[in-house]
Amino acid sequence: MDVIIVVFKMRILLIQPKYVFQGIIPLTVTMPLGLCYLAAIVRQRGHEVKILDCLAEGYKHQEKRGGNVVYGLSDDEILKRIESFSPQLIGCSALFSCQSDMTDELCRLIKQHYEHIPIVTGGMHATVHPHELLASPAIDFVLRGEADYTFADLVDALENHKDYSQIDGIGYKTEDGQVIVREKNFFIQDIDSIPFPARDLLSVDIYYNAGLAHGLVLKSKKNINLITSRGCPASCIFCTIHQLWGRKFRARTALNVLAELEQIKNQYVAEHIQFEDDNLTFDIERAKEIFRGMIEKKFNFSWNTPNGVALWRMDEEALRLMKKAGCYSVTFAVESGSQRVLTEVIKKPQRLDHVVPLIDYARKIGLNVGSFFVVGFPGETKAEIQETFQFPYKTKLDWAQFNIASPHFGTELRRIVQENGWLSEHTNSQLGTGLINTPDFDAQWLTNKIMKEYRRYLFYLLTHRPWVFWKIGTSIIRNNSLFVFHMLLKIFRGRRS
């Protein structure tokens, strides 16, 4: 019998850092899709690759840091795992600015013990803050925006000792220490060409056992997340998605999505899925084709849309198909209860006279309906803010999430508040809290107002819709009791959000 020897080109370790829980955003333990896509492509090119999800593999390990808690593998365990694989290149996720300290800490730990291993970072924070990251002696490369193939190009260049300086969106340091950052100009047009995420490199049972998926209302712990589209043509001033995925909507075909769903069903025996798209229903006919395929193939998934759906494209037929395909809960990103704020301030292409009937219809056919709202924009009045707080009562939403407008790096909102001197000094970890002070209101007033409105809304649900209160409340507590405990403390003590 002939012996087949497989020779890999490079050994690559992709790492998801630990997670610092600040009580603002729920602790979630979901498969790192970005790393899984990178792994799939470099593996396709003949490299050996592993994924180390420090959070998922160590979410039971807690370490107190001031008023926060850090979840994830211990430093010793991380170093042990690196030692056992002996990688030639390490990629560290720098996904969110509010978690950037965890990326920096991880990279410094690795460099301290493995100075010879190049480290590359990517993600949203890497996209908007490449110079900040490259200022660290622990980080050698940054890849901005969509990095599926640019990461693979960098790996090939390093493996073959070739020039990498012209790779789209790359950031690096020259031999004399100069930081070079290239613009991100190109995005993948045919995203069907990207292989499915390499979920097989993860221990799926860890995620199932954790049961801490994105969103707080789940039907089953056997959950897998997926993304079927990228990019958004809308111009919402607070959104960062354009920098990562661009403004052009690019979608996988229904056939391609259904093939991945079949793999998820058969290979990973999932019972619950989450569409993490920012714009699942932007191309409404494509979305309907996906839903019809799910019905015809009898996948029998329970599923929801924790990131919201493109309401300005939604119609009643799509909602009926979603329900029939196993959807039990929809999140509508309404954002504001004031049409003027939506149109003139946020610049979202959405009409409330279109949204309200869709909420009514979704509730009528038995879907659980919740919504995201954002308040505190420059140019928004206190009266208009109150219109937003009234919207869940008028439409009888099953749940509502009120967020403070956050001036994330690279957004139009940040430019506006900086130019007018309305931005409080802050660290990356404070993004998501009240930071904007305008002539109409200040951050502390808005923070206190949100806590007061949460108390009022919870009391309303308890007294006027007790069945909804207990049904959704018990589900949320069951799925993420830690977050619920922290939020209730903030709400009823009136603490800063």
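Report the gain in length on full extension from residue 209 to residue 427: 0.36 nm times residue separation, minus Cα-Cα distance, nm rounded to one decimal. Please report the intermediate quantities before stating the final value.
Details: separation 218, 0.36 × 218 = 78.48 nm, distance 3.37 nm.
Length gained, residue 209 through residue 427: 75.1 nm.
What do you reckon, how do 419, 276 stack up by accessible area (1.4 Å probe), largest on top? Walk me through the numbers on the way to the answer.
Working: 419 125, 276 25 Å².
The ordering from most to least exposed comes out as 419, 276.
Given N residues in the range 235-359, what is Rg(Cα) / (2.2 N^0.38 Å)?
1.12
Considering only protein heavy atoms, what is the solvent-accessible area of residue 101 at a probe of 1.4 Å, reported in Å² to the nearest 10?
Approximately 90 Å² for this residue.
Dipole of the chain (Lys/Arg Cβ +1, Asp/Glu Cβ -1, origin at the Cα centre): which of 82, 357, 338 lies farthest to the positive side?
After comparing all options, I get 357.
So, with +1 on the Cβ of K and R and -1 on the Cβ of D and E, and no other charges, what is the size of the charge dipole of the range 411-462 about its Cα centre, to the nearest 20 debye?
Details: 6 positive and 6 negative charges, 61 e Å.
I would put it at about 300 debye.
Quick one: with all protein chains in place, what share of the accessible area of the chain is carbon or sulfur, to the nearest percent (1.4 Å probe)? Numbers along the way, then the final one.
On the way: 11230 of 21580 Å².
Carbon and sulfur atoms account for 52 percent of the accessible area of the chain.
Considering only 281, 54, 40, whose Cα is most displaced toward the positive end of the charge dipole of the chain, charges sitting on Cβ of Lys, Arg (+1) and Asp, Glu (-1)?
After comparing all options, I get 281.
Tally Lys/Arg at +1 and Asp/Glu at -1 over every other residue whose Cβ is under 9 Å from the Cβ of residue 171; what's the total?
+3
Within the chain, which cysteines find no other Cys whose Cβ is under 4.7 angstrom from their own?
36, 54, 92, 98, 107, 232, 327, each lacking another Cys Cβ under 4.7 Å.
Could you work out the mean projected area of the convex hull around the alpha carbons of the chain, in square nanometres to one decimal?
On the way: hull surface 97.3 nm².
Seen from a random direction, the Cα hull of the chain projects 24.3 nm² on average.
How much accessible area per residue does the chain have, counting only protein heavy atoms and a probe of 1.4 Å, in square angstrom?
Values: 21580 Å² over 497 residues.
For the chain, the solvent-accessible area averages 43 Å² per residue.
Expressed as a whole percent, how much of the Cα-Cα distance distribution for the range 78-125 exceeds 15 Å?
Details: 477 of 1128 pairs.
Here the tail beyond 15 Å accounts for 42 percent of pairs.
Convert each backbone phi in the range 69-76 into a coupling constant with the Karplus relation 6.51 cos²θ - 1.76 cosθ + 1.60 (shift: θ = phi - 60°), then list the ³J(HN,Hα) values in order as whole Hz, x for Gly and Pro.
So the Karplus estimates, Gly and Pro as x, are 10, 9, 10, x, 4, 5, 4, 4 Hz.
So for 445, 470, 245, what's the accessible-area order with a 1.4 Å probe, most first?
Details: 445 75, 470 145, 245 50 Å².
Highest to lowest solvent-accessible surface, that is 470, 445, 245.
Convert each backbone phi in the range 27-32 into a coupling constant with the Karplus relation 6.51 cos²θ - 1.76 cosθ + 1.60 (shift: θ = phi - 60°), then list the ³J(HN,Hα) values in order as whole Hz, x for Gly and Pro.
With the stated coefficients, the range 27-32 comes to 5, 10, 10, 10, 4, x Hz.
How large is the charge dipole for the chain, taken about the Cα centre, if only the Cβ atoms of Lys, Arg (+1) and Asp, Glu (-1) carry charge, to the nearest 20 debye?
Values: 59 positive and 56 negative charges, 421 e Å.
Computed charge dipole of the chain: roughly 2020 debye.
Within the range 12-73, list the trypsin sites (Lys or Arg not before Pro) lying in a DSSP loop whose Cβ has at most 14 other Cβ atoms in a 10 Å radius. Show your work: numbers first, answer last.
On the way: sites: 18, 43, 45, 50, 60, 64, 65; in loops: 18, 45, 60.
Those satisfying the criteria are 60.
Rounded to the nearest 20 Debye, what is the dipole magnitude of the range 120-208 about its Cα centre when Lys and Arg each give +1 and Asp and Glu each give -1 at the C-beta? Walk me through the numbers before you get to the answer.
Values: 6 positive and 16 negative charges, 52 e Å.
Approximately 240 debye in magnitude.
Using the C-alpha atoms of the range 290-343, what convex hull volume per residue, in cubic angstrom, is computed?
Numbers: hull volume 4.5 nm³, N = 54.
Per-residue hull volume (Cα only) is 83 Å³.
Loop-only check: which chymotrypsin sites (Phe, Trp or Tyr not before Pro) in the range 138-212 are DSSP coil with at most 13 other Cβ within 10 angstrom? Present the calculation step by step, with values, prior to reporting the outcome.
Numbers: sites: 141, 149, 151, 164, 172, 186, 187, 207, 208; in loops: 164, 186, 187.
Taking the range 138-212 and a limit of 13 other Cβ atoms within 10 Å, the loop chymotrypsin sites (Phe, Trp or Tyr not before Pro) found are 186.
Suppose accessible area is computed on protein heavy atoms with a 1.4 Å probe; arrange 57, 175 from highest to lowest. All intermediate terms of the calculation are to be shown ahead of the outcome.
Numbers: 57 70, 175 195 Å².
The ordering from most to least exposed comes out as 175, 57.
Considering only 444, 241, 66, whose Cα is most displaced toward the positive end of the charge dipole of the chain, charges sitting on Cβ of Lys, Arg (+1) and Asp, Glu (-1)?
444
Do you know the relative contact order of the chain, to the nearest whole percent, from alpha carbon pairs under 8 angstrom that are 6+ apart? Could the numbers behind the result be given before it?
On the way: 913 pairs, mean separation 58.9, N = 497.
Once divided by the residue count of the chain, the mean separation gives 12 percent.
Based on DSSP H runs of at least 4 residues, each adding -39500 (n - 2.57), what is the mean residue ellipticity at 222 nm of the chain after dividing by all its residues, to the nearest 500 deg cm²/dmol? Walk me through the numbers on the way to the answer.
Details: 17 runs with 197 residues, N = 497.
That comes out to -12000 deg cm²/dmol.
The values are calculated or read from the model by the stated rules, or taken from the named source; none is laboratory data. Quick caveat, the model's predicted, so the values are computed rather than measured. Reconstructed Cβ throughout: ideal geometry from the backbone, glycine too, with neighbour counts over all protein chains shown. Heavy atoms of the whole protein, side chains included, go into the accessibility calculation; ligands, DNA and RNA do not. Shrake-Rupley method; radii C 1.70, N 1.55, O 1.52, S 1.80 Å.
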